[in-house]
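The values are calculated or read from the model by the stated rules, or taken from the named source; none is laboratory data. In this text the structure is predicted, and so the values were computed from the model without any measurement. Cβ coordinates were reconstructed from backbone atoms using ideal geometry, including for glycine residues, and neighbour counts include every protein chain displayed.
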Amino acid sequence: MKTVLVILFVCHAFLCIAQPGDLYSKSNSFIDFKDAKTKLFGFKNAKGKIVVPAIYSEVSFETTWAKWTVKKDSMIGLYALDGTLILQPLYRWIEPHYDMDKEYIVVSKDFRNYGLTDLKGKKLLDLKYPRILDIYKNLLLVGESNRDSIYNKMIIDTLQNVILDEKIIHAEIYGFVEDHFYDSTGNFYLQAIKNEKFALFANTGRQISDFIYAGLSRSRRSLIMGRLSRNGGNCGIIDQNNKTIIPFKYSFAGVFDNGSIRADTEEGQSFYFNSEGKTISEEEFKVINVNHPYWKTN
């Protein structure tokens, strides 16, 4: 599962995370400073040139995403590392979301209605959604603040088309089954849960499977890895049409390079297959994966 890095910015966060002038308010090229007369803050570059004038009540460099947050009249804004203004200080909430190769910013002015911008501050979604919970490849999981409540979440695209709606499928939308960054084919899937069982959906909203899985872990090259129960010995692999490629009888089943598959038993035996589920030898499997040390098998 991809790692989505979430940093929550509320007014009090500036006070407990980084005070203006301390080590957390420095980058490699800039440091904040305080105007002796106005008692307000800005930041300078390494040569001492003022990049942002001292007009803010607080300035803080956020090391985890290399941006400057500023506060004015209790509202938060955002600057790029080089001093380019991204967002005017008009928001009560700023939250970065990282996709595989993209970065978005979730914003709110009132903690009730949320919207989305890109890294240049360009509006992608209006400030009208109760909550934006996750983002993956131009699809968004939106819903209420309570992530555990049911029948209140949707998956939409950046054009605000509804892809999956809990009220229609009568199940809780769990999120994305992500493809692997290593050799992504652009295929990824959605999953929903009902009565503690998961079902698989295409990223178009088409339902692929029934609610029968205890977990759907990851997809790679249009193959989806999952398990039928939380006990051992029930991992397997299906394809995008719900065809069983590897029976659900293994302690582990994983997709490697070019759709090659390794499945392990509880006893520690390993079996090898091609992307269609046909048996191949361990030597064939190693040849397929030899050029990619990330997927070493020994």
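Brief remarks follow.
- Reported count of residues in region 109-125, each being farther than 11 Å from Leu87 by Cβ and buried (at least 19 other Cβ atoms within 10 Å of the Cβ), is 3.
- The lone exception for Asp73 - which of (1) touching a Leu at 6+ places or on another chain (Cβ under 8 Å); (2) assigned by TED's automatic domain parsing to the domain that holds Ala46 it fails: (1)
- Residue in region 243-257 that is crowded, with 20+ Cβ neighbours inside 10 Å, of a type outside the set (S, T, N, Q) and touching a Leu at 6+ places or on another chain (Cβ under 8 Å) present: yes
- Members of region 66-92 that are within 23 Å of the chain's Cα centre (by Cα) and surrounded by fewer than 18 Cβ atoms within 10 Å (Cβ to Cβ): Ala66, Ala80, Leu81, Arg92
- Any hit, region 70-91, residues being of a type outside the set (Phe, Trp, Tyr), under 20 Å from Gly143 (Cβ atoms) and in a strand (DSSP E or B): no
- If you go through region 249-278 and keep only what is of a type in the set (Asp, Glu) and outside any loop (DSSP other than H, G, I, E, B), you end up with Asp257, Asp264.
- Subset tally (residues that are of a type in the set (S, T, N, Q), modelled with pLDDT under 90 and in a loop (DSSP other than H, G, I, E, B)) for region 191-248: 2
Here is a yes/no grid of residues against (1) within 30 Å of His170 (Cα to Cα); (2) buried (at least 20 other Cβ atoms within 10 Å of the Cβ); (3) not β-branched (Val, Ile, Thr):
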position: Lys194; (1), (2), (3): yes, no, yes
position: Leu200; (1), (2), (3): yes, yes, yes
position: Ser209; (1), (2), (3): yes, no, yes
position: Leu228; (1), (2), (3): yes, no, yes
position: Thr265; (1), (2), (3): no, no, no
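Yes/no matrix, rows are residues, columns are (1) modelled with pLDDT of 85 or more; (2) surrounded by fewer than 20 Cβ atoms within 10 Å (Cβ to Cβ):
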| position | (1), (2) |
| --- | --- |
| Ile31 | no, yes |
| Leu40 | yes, yes |
| Lys47 | no, yes |
| Ile50 | yes, yes |
| Val59 | yes, no |
| Thr64 | no, yes |
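- Subset of region 43-65 that is within 25 Å of Ser108 (Cβ to Cβ) and either free of Cβ contacts under 8 Å to residues at least 40 places away in the same chain or assigned to a loop (DSSP other than H, G, I, E, B) (or both) - its residue that is farthest from the chain's Cα centre (by Cα): Ile55
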